Every structure is written in structure tokens, then in C-alpha cells.
2 protein chains.
Amino acid sequence: MRYLSHEDIDNFHHIYRINLINSCSGYKSANLIGTISNDGIENVAVFSSVTHLGSNPPLLGFFLRPTTVLRNTYENIKSTGCYTINHIHQDILQDAHHTSAKYEADVSEFDKTNLSSEYKQDFKAPFVKDAPLQLAMTFVEEYPIEANNTILVIGKINGLYVKEDLMEDDGFINLSKANIATINGLDGYAIPKLKTRFGYQRPKES
Amino acid sequence: MRYLSHEDIDNFHHIYRINLINSCSGYKSANLIGTISNDGIENVAVFSSVTHLGSNPPLLGFFLRPTTVLRNTYENIKSTGCYTINHIHQDILQDAHHTSAKYEADVSEFDKTNLSSEYKQDFKAPFVKDAPLQLAMTFVEEYPIEANNTILVIGKINGLYVKEDLMEDDGFINLSKANIATINGLDGYAIPKLKTRFGYQRPKES
């Protein structure tokens, strides 16, 4: 195996380092976060850090850097109190990834891609049309992370839209039935196929 | 599409709810976290919440519940200041998932499965032998999450062992070359195959 020390990592060219460190945590969730400003400008951006925090209450978190383009997402969430999480699937991979480009705050990525927004019930933030799984999220709290000046944003699931055929009898959502993507590193995408479910584990007797 | 409201989610049987909410964030990283107590008792447990926080410094975070069996992991990290993150791959899926069983603190999961520990250089925490990607982590800081009493643990990558053939020229680690797993929900596993890399995105001119 190749060993890379902390000193090696520090000394790599920064492109090499971001590719390496972004790949080394494992497969990541592939989501589009949709928001709208108080002026009515829609924003949609790819995130790979959406993480399950707990089921009761149903909470998800994600990390963002306040100093990048993603600030649009953050400012919209803070001013409206809501956002959507939409799953990236095979048919929209390229457009979804393109939302990582650094557009100015007055440009909507919905206008620069074939992604379309849609509104459901009275929820203020835009969903991504045709996403097989769409979550309406309410902002709960945030934590500034001292170690690197990122922000952990925590939201509660306010409602969930899911394609019927993904739902299994015990509540499990089979992501692979909708060709939902996962992210490797900064720009690698895969469409996993479910291999197995192992069930709840109890200690072995001996 | 099926719509599940916040009230629906609250009213589901708790098994249905944990399956649903654990599946709805998307694909998750599949890692074994290895620790050792000051008494020399090894611990290894599956985690699906390891998330990339930033590349410079190289930081990863994960969430845990202090009130469950995973406390062993937490207590060992706090007392020794270190832990390992080891990627779950196809050959060890069943044993890796079994580490979610609630063993007593004086039982090592290495003794209850075919997983083996190994030690490298002078790093105190045990790695999982034969994992294609192994990270030596140093504890940096923690954040108690008020919304649900979980803890965000942040660590710095102190060193990284990676199988040679996974490394690409630009630093990208191709996880699929080692049949590394991803997790869907609580107990679903998939072995993704890399489909495409799209590269760095710049705004479109028009």
C-alpha cells in the first residue's frame, strides 16, 4: 500500500490534495439543494455532504463554506428558514454537477441548465422537478466549525415526496430503483445497484 | 409520488421511521472506525456518517450518539486522542455490518468477527487489516448537537494508507477499483462502479 503522511498531504499541489482528500472519506450523497431569496431569485447547487443525524426528530445536516458561491444557499436558508433536498439521478448527472460552477448571486442555475424548479403545496423553496426523492426542509440550527471555518447547517424534514416504487414495506427507500447517484471525490459519479440488506444485528452467543 | 408529511413521519412505527429517515439522505459512506481503550481493549464499529469537511487542513467529521454502544468509540477517542477510519469493501460486508450489534464494552468486535486488527508505525489505534483504504485520525474537536443530543466529532488525517492501484494521477482515489461499499439506509449495501468524472465546472458564457 502507498503511505501518505501528513507532511506529504500538506506538500501536495492543492488540486492534487483536494482530489485526494475529497475521495478518502468514501462514497457521498448526491443532492441538489434548492433555495429562493427574499427577492425571488432561485438557487440550486450540488452538495455531497448531506448526512443523517437522527430519525426522531427527523434531522439532516450538511456542511458549507460561507466564503464561496455556496453562500447564496446559506443566505437564502437564513433569510427564508427553508430549503429543499433533491436527489441526483442518472438522467440529470451533468446538469447537476454543473451547478458547482461559480455563478453570480443574481443568476439562477435553473436558467443555466435543463433543471427545472417546481413548487409544492405552500412550501416556499423550489424543488427540482422530476427528482425521485424530494425533501422539504426547515432550518433548525447551525454550528460554526472552528477548525476550518465551515458551517454545519441542521434542518428538520418537514415533508418528503418519494416515487412510489422506491418504498419497501418496512419504510426502506430503495435508492437504486430510481438510479440515484453517489459521488466519489469532487467530480466522480456512480449509480449503485443494491446488493444486499443484512438486517438488525444482535450479539453472537459465543 | 407519495407525500409523507411531518405528521405522518411522527406517527409511523419507530422501525418504519428509522428505515425511512435513514434512507432519505442518499448514499452514505461505509466505514469501520477502530479505537483502543487505555486498558488495551480494541473496538471496531460500522459508521455511515463520515463526511468530508475540508482538504486544507484535511478534516473529516462523523456523528455519534453518546447513549448507545457507540460510546466505546467515543470514550476511546476522548481518552487516547486517536482513531482509524477503514473502508468497508465487498469481502467483509457481513462482518462489517455485524459490528453494529450491541456488545458490552469489554468485548472486542475483532473477536466476534473475522475482522483482524493491525498496527502501523507508531499509531496507537488499530486499523482493520486488508481494508483498501485506511486513515490514521487525530481528534481535533467535538460539537454537542442540541437538536438531538448527538455529537459531531472532527478529526484530522494524520496519515493515509491506500492500495496503489486506486490512485489516479491527479490525486483522485477510485473507490470502485477496490469494490468499496456504500450504505443505503440502516442495512442496505451496494458496491458502486464509477460511471464518469465531469471535472471542474466554470460558468457558461451565455
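The values are calculated or read from the model by the stated rules, or taken from the named source; none is laboratory data. These numbers were taken from a predicted model, which means no experiment stands behind them. Heads up, the Cβs are rebuilt from the backbone with ideal geometry, glycines too, and the neighbour counts pull from every protein chain shown.
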Unmet requirement for B:N19, which otherwise passes all of (1) of a type in the set (S, T, N, Q); (2) under 30 Å from A:A147 (Cα atoms); (3) not in a loop (DSSP other than H, G, I, E, B) | (2)
Scan of the range B:114-161 for residues that are outside any strand (DSSP E or B) and buried (at least 20 other Cβ atoms within 10 Å of the Cβ), ordered by number = B:L115, B:A125, B:P126, B:A131, B:P132
Given the conditions (1) at the interface with chain B (Cβ under 7 Å from one of its Cβ atoms); (2) within 19 Å of B:S23 (Cβ to Cβ), report the number of the one that A:E146 does not fulfil.
-> (2)
By my count, strands (runs of 3 or more DSSP E) wholly in the range B:29-91 with at least 1 residues that are within 26 Å of B:G185 (Cα to Cα), in contact (Cβ under 8 Å) with a residue 24 or more places away in the chain and more than 13 Å from every other protein chain (Cβ to nearest Cβ) are B:31-36, B:42-47, B:82-87
For the range A:149-164, how many residues are among the basic types (K, R) and either at the interface with another protein chain (Cβ under 7 Å from one of its Cβ atoms) or free of Cβ contacts under 8 Å to residues at least 40 places away in the same chain (or both)?
-> 1
Of the conditions (1) more than 13 Å from every other protein chain (Cβ to nearest Cβ); (2) out of contact with any Asp or Glu (no Cβ under 9 Å at 6 or more places or on another chain); (3) assigned to a helix (DSSP H, G or I); (4) not basic (K, R), the single one that A:A96 does not satisfy is (1)
Out of all the residues in the range A:66-95, which are modelled with pLDDT of 95 or more and aromatic (F, W, Y)?
-> A:Y83
A:A101 vs. criteria in contact with a Lys or Arg (Cβ under 9 Å, 6 or more places away or on another chain) and more than 26 Å from A:D39 (Cβ to Cβ) | no
Within the range B:165-187, track down each residue that is more than 7 Å from chain A (Cβ to nearest Cβ) and assigned to a strand (DSSP E or B).
-> B:I183
Among the residues of the range A:162-178, the number that are of a type outside the set (A, V, I, L, M, F, W, C) and buried (at least 16 other Cβ atoms within 10 Å of the Cβ) is 5
Just give me the residues in the range A:1-28 being free of Cβ contacts under 8 Å to residues at least 60 places away in the same chain and of a type in the set (A, V, I, L, M, F, W, C), in sequence order.
-> A:M1, A:L4, A:I9, A:F12, A:I15, A:L20, A:I21, A:C24
Condition check for A:A105: at pLDDT below 95, under 20 Å from B:P203 (Cβ atoms) and surrounded by fewer than 15 Cβ atoms within 10 Å (Cβ to Cβ) | yes
Pick from the range A:188-205 the residues that are surrounded by 18 or more Cβ atoms within 10 Å (Cβ to Cβ) and part of a loop (DSSP other than H, G, I, E, B): which of them is farthest from the other protein chains (Cβ to nearest Cβ)?
-> A:I191
